[in-house]
1. Would you list the helices (runs of 4 or more DSSP H) that sit entirely within segment B:85-146 and hold 3 or more residues that are more than 17 Å from residue B:169 (Cα to Cα) and within 11 Å of chain A (Cβ to nearest Cβ)?
2. Kindly indicate the residue of segment B:7-20 that is in a helix (DSSP H, G or I) and in contact (Cβ under 8 Å) with a residue 24 or more places away in the chain and also nearest to the chain's Cα centre (by Cα) among those meeting that condition.
3. Residue B:179: within 14 Å of another protein chain (Cβ to nearest Cβ) and exposed (fewer than 15 other Cβ atoms within 10 Å of the Cβ), yes or no?
4. Look at residue B:116 and say whether it is at pLDDT below 95 and either crowded, with 17+ Cβ neighbours inside 10 Å or touching a helix residue (DSSP H, G or I) at 6+ places or on another chain (Cβ under 9 Å) (or both).
5. Of the conditions (1) more than 19 Å from residue B:191 (Cβ to Cβ); (2) more than 14 Å from every other protein chain (Cβ to nearest Cβ), residue B:67 fails just one. Which one is it?
6. Would you check if residue B:63 is within 25 Å of residue B:129 (Cβ to Cβ) and either free of Cβ contacts under 8 Å to residues at least 40 places away in the same chain or surrounded by fewer than 19 Cβ atoms within 10 Å (Cβ to Cβ) (or both)?
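The values are calculated or read from the model by the stated rules, or taken from the named source; none is laboratory data. Keep in mind the model is a prediction, meaning the values are calculated, not measured. Using ideal geometry, Cβ is built from the backbone for each residue, glycine included, and neighbour counts are taken over all protein chains shown.
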């Protein structure tokens, strides 16, 4: 993995947030960290410049992809 | 200020950004605390001897382990005192300090995770000793404020909660309370280094001003 410059093992996390309850969550970026604690701290430090009403992080390896751009949907 | 010194020197870009963000948070917290003190009738300090910092902050940190120990242990001790004030009976503090606690949660997560990663070594016992000294001895001012309801925790509560939060216990060596300064909350003499004081007071920036 390309991110092992500091930590021996890391996970990638996608960061989702929204500014109002009526808005859907959208992906605002990602962080790389060795555990959930540091991923939360990094996500908040990096993406807190806007007034989000909600922010959450998801480990990228927990996401199940059904198809990707360029794949056939059927 | 010490956090900010690491915003281009931490082991990763993410940690640089976190150091800057936590430094900014703590500047905001200082402003709220100084404002609250003023409102509660405490006069502003006028000179450098007015800085009541722990010895850990006297000089710039030379090793990331020192940052980690300060972030995990000392910052948690400060946060617990803020929590004790936010849950005490002083209305100004009850209403103003809650946001501070929300922000400090991320400092704690950062410190706890890095403490697992980094070999913080001697820095941890030192941060612990200075946290215990900063909280103060049993039966002194903190316990008096607890009895008066202004603080939600006493000295024993603070020490226990700190051990729970950090996941380590205080080093066994005793603090020499006869040397303890009740105002500056430390047993060692000394203070912030000259260069940092000049920066804090805006003197270091004067050199960039056009000469008259």
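1. Working: elements: B:91-96, B:98-117, B:123-135.
Once the helices (runs of 4 or more DSSP H) in segment B:85-146 are filtered for at least 3 residues that are more than 17 Å from residue B:169 (Cα to Cα) and within 11 Å of chain A (Cβ to nearest Cβ), what remains is B:98-117.
2. Initially, segment B:7-20 is screened for residues in a helix (DSSP H, G or I), giving B:13-20.
Narrowing further to those that are in contact (Cβ under 8 Å) with a residue 24 or more places away in the chain: B:15, B:18-19.
Working: B:15: 19, B:18: 17, B:19: 14 Å.
Looking at the filtered set, the residue picked out is B:19.
3. Numbers: within 14 Å of another protein chain (Cβ to nearest Cβ): no; exposed (fewer than 15 other Cβ atoms within 10 Å of the Cβ): yes.
Answer is no for this residue.
4. On the way: at pLDDT below 95: yes; either crowded, with 17+ Cβ neighbours inside 10 Å or touching a helix residue (DSSP H, G or I) at 6+ places or on another chain (Cβ under 9 Å) (or both): yes.
Yes.
5. (2)
6. Numbers: within 25 Å of residue B:129 (Cβ to Cβ): yes; either free of Cβ contacts under 8 Å to residues at least 40 places away in the same chain or surrounded by fewer than 19 Cβ atoms within 10 Å (Cβ to Cβ) (or both): yes.
It is true that residue B:63 is within 25 Å of residue B:129 (Cβ to Cβ) and either free of Cβ contacts under 8 Å to residues at least 40 places away in the same chain or surrounded by fewer than 19 Cβ atoms within 10 Å (Cβ to Cβ) (or both).
Every residue, every condition in (1) at pLDDT 90 or above; (2) under 15 Å from residue B:81 (Cα atoms); (3) in contact with a strand residue (DSSP E or B) (Cβ under 6 Å, 6 or more places away or on another chain); (4) surrounded by fewer than 16 Cβ atoms within 10 Å (Cβ to Cβ), yes or no:
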{"residue": "B:141", "(1), (2), (3), (4)": "yes, yes, no, yes"}
{"residue": "B:149", "(1), (2), (3), (4)": "yes, yes, no, yes"}
{"residue": "B:152", "(1), (2), (3), (4)": "yes, yes, no, no"}
{"residue": "B:158", "(1), (2), (3), (4)": "yes, yes, no, no"}
{"residue": "B:172", "(1), (2), (3), (4)": "no, no, no, yes"}
{"residue": "B:187", "(1), (2), (3), (4)": "yes, no, no, no"}
{"residue": "B:206", "(1), (2), (3), (4)": "no, no, no, yes"}
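Residue-by-condition table, conditions (1) touching a residue at least 60 places away in the same chain (Cβ under 8 Å); (2) buried (at least 22 other Cβ atoms within 10 Å of the Cβ); (3) within 12 Å of chain B (Cβ to nearest Cβ):
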{"residue": "A:12", "(1), (2), (3)": "no, no, yes"}
{"residue": "A:18", "(1), (2), (3)": "no, no, no"}
{"residue": "A:21", "(1), (2), (3)": "no, no, no"}
{"residue": "A:28", "(1), (2), (3)": "no, no, no"}
{"residue": "A:43", "(1), (2), (3)": "no, yes, yes"}
{"residue": "A:50", "(1), (2), (3)": "no, no, no"}
